[in-house]
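K.L.:
Handing you this structure, nothing more for now.
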Amino acid sequence: MTDDLVEQASRKAMDAERQFWGCSQAVLGSLQETFHIGDNESFRAGTILSAGVARRGETCGALIGALMALGVACGRNQMSDREAYNKAMDHAQGVVDAFKAGIQARYNLPEPLQTTLCPDIQTRLYGRSFDFTDPAERKAFNDGGGHNPSGCPMVCAIAAEAAARKILDLRQNA
């Protein structure tokens with residue numbers, strides 16, 4: 001059952017990114033649906049976080065979607081709850097590490113990722129990065145297979161898998 005939920009979240013994230021684009025929402029939505037967490041408001045918030053935050057090339061949007069879902073699952077309810085904050089941050093580090101390791105393993109990269117920045121991941125996967133704020137660059141990314149199964153949809157699958165495993169672990173150890 002555990003592996004089934006991980007596979008389900010991973011597959012949904014991959015399919016959503018391939019069909020509709022929007023890595024943050026692809027991952028967040030797949031985890032929300034699989035684990036029955038969050039709501040439409042949190043899903044909508046993920047809209048502008050794709051392609052490295054508003055297409056700016058910051059942190060990978062797929063990872064942001066995974067971390068948003070994790071925050072829904074284990075984040076604090078009040079600003080004053082420092083203990084919950086620290087626990088959630090520790091769990092988030094585990095998801096980031098699993099994501100980076102998953103990218104390295106799935107793409108057989110000789111060296112681990114040093115960052116989770118979208119352009120750094122693109123360079124490792126495509127041999128170059130793309131400026132998604134430029135329509136011509138977005139077209140080049142799309143025409144070059146960026147949304148093919150082995151491109152960003154696979155990155156989304158890896159991010160969803162990392163978060164799904166952590167969410168399941170939290171539920172089993174609650």
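The values are calculated or read from the model by the stated rules, or taken from the named source; none is laboratory data. The structure presented is a predicted model; accordingly, all values stated were derived computationally and were not measured. Ideal geometry is used to build each Cβ from the backbone, glycine not excepted, and the neighbour counts take in all protein chains shown.
K.L.:
Which condition number does Asn40 fail, the rest of (1) more than 20 Å from Arg165 (Cα to Cα); (2) within 13 Å of the chain's Cα centre (by Cα) being met?
P.N.:
The one condition Asn40 does not meet is (2).
K.L.:
Among Leu28, Leu49, which is the only one that is in contact with a strand residue (DSSP E or B) (Cβ under 9 Å, 6 or more places away or on another chain) and either modelled with pLDDT of 95 or more or over 25 Å from Gly146 (Cβ atoms) (or both)?
P.N.:
Residue meeting the stated conditions: Leu49.
One line per residue, one yes/no per condition, for (1) in a helix (DSSP H, G or I); (2) surrounded by 20 or more Cβ atoms within 10 Å (Cβ to Cβ); (3) among the aromatic types (Phe, Trp, Tyr); (4) modelled with pLDDT under 95:
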residue	(1), (2), (3), (4)
Ala13	yes, yes, no, no
Ala69	yes, yes, no, no
Asn77	no, no, no, no
Met89	yes, no, no, no
Ala101	yes, no, no, no
Leu113	no, no, no, yes
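K.L.:
Return only the number of the condition from (1) part of a loop (DSSP other than H, G, I, E, B); (2) crowded, with 20+ Cβ neighbours inside 10 Å that Gln122 does not satisfy.
P.N.:
(1)
K.L.:
On to the next question. So which of Ala140, Ala162 ends up being in a helix (DSSP H, G or I), at pLDDT 95 or above and over 20 Å from the mean Cα position of the chain (by Cα)?
P.N.:
Answer to the selection: Ala140.
K.L.:
I would also like to ask the following. Output the residue which, of all residues in region 1-47 that are of a type in the set (A, V, I, L, M, F, W, C) and free of Cβ contacts under 8 Å to residues at least 24 places away in the same chain, is nearest to Phe130 (Cα to Cα).
P.N.:
Phe20
K.L.:
Another one. Which residue, of Val53, Val27, is closer than 19 Å to Ala157 by Cα and either outside any helix (DSSP H, G or I) or in contact with a His (Cβ under 8 Å, 6 or more places away or on another chain) (or both)?
P.N.:
Only one candidate passes the filter, namely Val53.
K.L.:
Let me spell it out: the conditions are (1) crowded, with 21+ Cβ neighbours inside 10 Å; (2) among the hydrophobic types (A, V, I, L, M, F, W, C); (3) closer than 21 Å to Thr123 by Cβ, and Leu31 meets all of them except one. Which number is the exception?
P.N.:
(3)
K.L.:
So in region 48-67, with the set limited to residues that are free of Cβ contacts under 8 Å to residues at least 40 places away in the same chain and either surrounded by fewer than 19 Cβ atoms within 10 Å (Cβ to Cβ) or of a type in the set (D, E, K, R) (or both), which one is nearest to Lys100 (Cα to Cα)?
P.N.:
Filtering first and then ranking leaves Val53.
K.L.:
Kindly list the number of the only condition in (1) at pLDDT 95 or above; (2) touching a His at 6+ places or on another chain (Cβ under 7 Å) that fails for Trp21.
P.N.:
In the conditions (1) at pLDDT 95 or above; (2) touching a His at 6+ places or on another chain (Cβ under 7 Å), Trp21 misses (1) alone.
K.L.:
Also: From Ala164, Ala159, grab the single residue that is among the small types (Gly, Ala, Ser), in contact with a Gly (Cβ under 8 Å, 6 or more places away or on another chain) and buried (at least 20 other Cβ atoms within 10 Å of the Cβ).
P.N.:
Matching residue, one of Ala164, Ala159: Ala159.
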